[in-house]
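The values are calculated or read from the model by the stated rules, or taken from the named source; none is laboratory data. Since this is a predicted model, take the numbers as computed values, not measurements. All Cβ positions, even for glycine, are placed from backbone atoms using ideal geometry, and neighbour counts span all protein chains on display. In case anyone asks, the SASA skips ligands and DNA or RNA and just uses the protein heavy atoms, side chains included. Shrake-Rupley method; radii C 1.70, N 1.55, O 1.52, S 1.80 Å.
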Amino acid sequence: MDDFIKKNIRGLKPSATLAINEKAKKLLKQGNKIYNFGFGQSPFPIPEKIVSTLKENAGKKDYLPMQGLKELRVAISKSLLSKTGIEYDKDNIIITPGSKEAMLLMHVAFNGEIILPAPSWVSYEPQAQIAENKVHWLQTSRDNNWFPTAEDIEKKIKSIGNKNIILIINSPNNPSGTVCNNLKEIAKVAKEYKIKILSDEIYTDLTFDQNYLSISKFYPEGTFISGGLSKWCGAGGWRLGFFASPDGNKEFINALKTLASESYSTVNSPVQYAAVEAYQGNYDDYKAKTTHILKSVGNYVYNNLKSNKVLINPPQGGFYLMPEFLNSKFKTSSEMCDDILSKSGVALLPGSDFGFKNDKMLTRLSFTDFDGDLFLKNISGSKELDDDIIKKYAPNVVEGTKKLAEWHKNL
Ligand code: PMP
Ligand code: GLU
């Protein structure tokens, strides 16, 4: 039966992020005390006005254009212009069921090779594999905040030779929680060698210093942007994303449109109408508050977990930290994560799911296991959220952090 499945699909497993979420939920249901630091989902409610817009549009039953609702593409185009300073025309934007699908379509249509910095989000490599695009990993270092240096990128491009190349950059980053400090230098090399960049900006609205920095600012003509409602708007389950291209790639956008039309046809209509409100309305206050909470909770975990044997870079945006638990007990990070889960109840993902070698004791920790609705209702302004507040509104995160630290001490 093995040859019934295509060779490039055969070795693939269900996505690690979704799998750990289901595993943690199952263990919880069986009565175990679990700290779900494995899955990265916004803990916050979707802003009310966006939800009511969805309700008002629940009766919209007709198919929308393949490329997506025009008003929504206009709203995204304006939002990108105001955040990045770069014009992404509505005709160069395609609406997708989550940005994950946007990336998959990109891989399927693209004829070339992919450069992925390690760490990279779990789905980039399998998607490339599905589309039979060769992946070139680029190791990064803690010292460069877990992003590639321009020199490393240049070397890699030279070693690949004269082929079409897309480099994926995700800042703030999943899994490291860090922000790229050398976007300008990376853009310069990309421009020199005329490679394309996919800037995955799904977390960029959740940058802790509130500075939305896109690499498109330094290389507008070569940067694709993907984004969506899943993270900043708390709407992961709505599955609404987009792909935006600079001018000059009409055929590529048309290819994506064709792939969309031959697969999901068009994204569901009510959510597209609600998304117009999300991109047109002013949600700065919501973003500021949710980001403030994430920053405070992330810093709490960072401060209470880091030691000379648990190495972590400070969180700068999004939901994640990437602790490295120095030890010589485990052969692989995956084996270590199994031990952590069984002994402390903390679900983490191993660094090997993000492009690191098995024997690097890196993990991804998502600090979103708290009731974001309750937390939001009980804070005001940008007042510092002290440990007592974190303990009150993010008790699982606090307890799980303690369990993790204890697990490591008892190794
Ligand atoms: N990129 C990164 C780095 C992510 O963490 C996620 C979260 N799933 C996505 C893309 C895809 O998000 P979505 O498909 O929900 O837009
Ligand atoms: N982005 C989330 C994570 O990395 C989960 C959703 C997904 O992977 O599609 O945990």
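Details
- Among 156-165, 388-397, sorting by the average number of other beta carbon atoms lying within 10 angstrom of each residue, highest first, gives 388-397, 156-165.
- Residue-averaged [θ]222 nm for the chain, counting only DSSP H segments that reach four residues, each worth -39500 (n - 2.57): -12500 deg cm²/dmol
- Length added when fully stretched, V51-D373, from 0.36 nm per residue minus Cα-Cα: 114.5 nm
- Normalised convex hull volume, the stretch 236-296, alpha-carbon set, Å³ per residue: 131
- Separation in nanometres of the label points that stand 7 Å from Cα toward Cβ, at Q210 and Q280: 2.6
- Descending principal axes extents, the stretch 170-219, alpha-carbon based, whole Å: 31, 19, 15
- Within the accessible area of the stretch 1-135, the carbon and sulfur atoms contribute 54%, probe 1.4 Å, all protein chains present.
- Apolar share of the accessible surface for the stretch 261-312: 40 percent from carbon plus sulfur atoms, 1.4 Å probe.
- Just the protein heavy atoms count here, and of the accessible area of the stretch 145-232 at 1.4 Å, carbon and sulfur take up 46 percent.
- Most to least packed among 20-26, 171-177 [average Cβ atoms within 10 Å]: 171-177, 20-26
- Packing rank of 355-361, 215-221, where each peptide gets the mean count of other beta carbons within 10 Å, highest leading: 215-221, 355-361
- D (Stokes-Einstein, µm²/s), Kirkwood Cα radius, the chain, 0.890 mPa s at 25 °C: 112
- Those trypsin sites (Lys or Arg not before Pro) in the stretch 95-153 that DSSP places in a loop and that have at most 15 other beta carbons within 10 Å: K134
- Taken per residue, the accessible surface of the stretch 1-157 reaches 52 Å², heavy atoms only and a 1.4 Å probe.
- Taken along the Cα-to-beta-carbon direction at a fixed 7 Å, the label points for D387 and S15 span 3.7 nm.
- Near the amide H of G317, within less than 5 Å, lie the amide hydrogens of F208, all on another chain or at least 5 residues away, with H placed in the peptide plane.
- Taking every Cα-Cα distance in the stretch 39-169 and sorting them into 10 Å bins starting at zero, the pair-distance distribution P(r) comes out as 10, 27, 35, 21, 7, 1 percent.
- When nucleic acids and ligands are ignored and a 1.4 Å probe is applied, R239 ends up with an accessible area of around 90 Å².
- Inter-part distance where the stretch 33-106 and the stretch 263-291 are each reduced to a Cα centre, Å: 5
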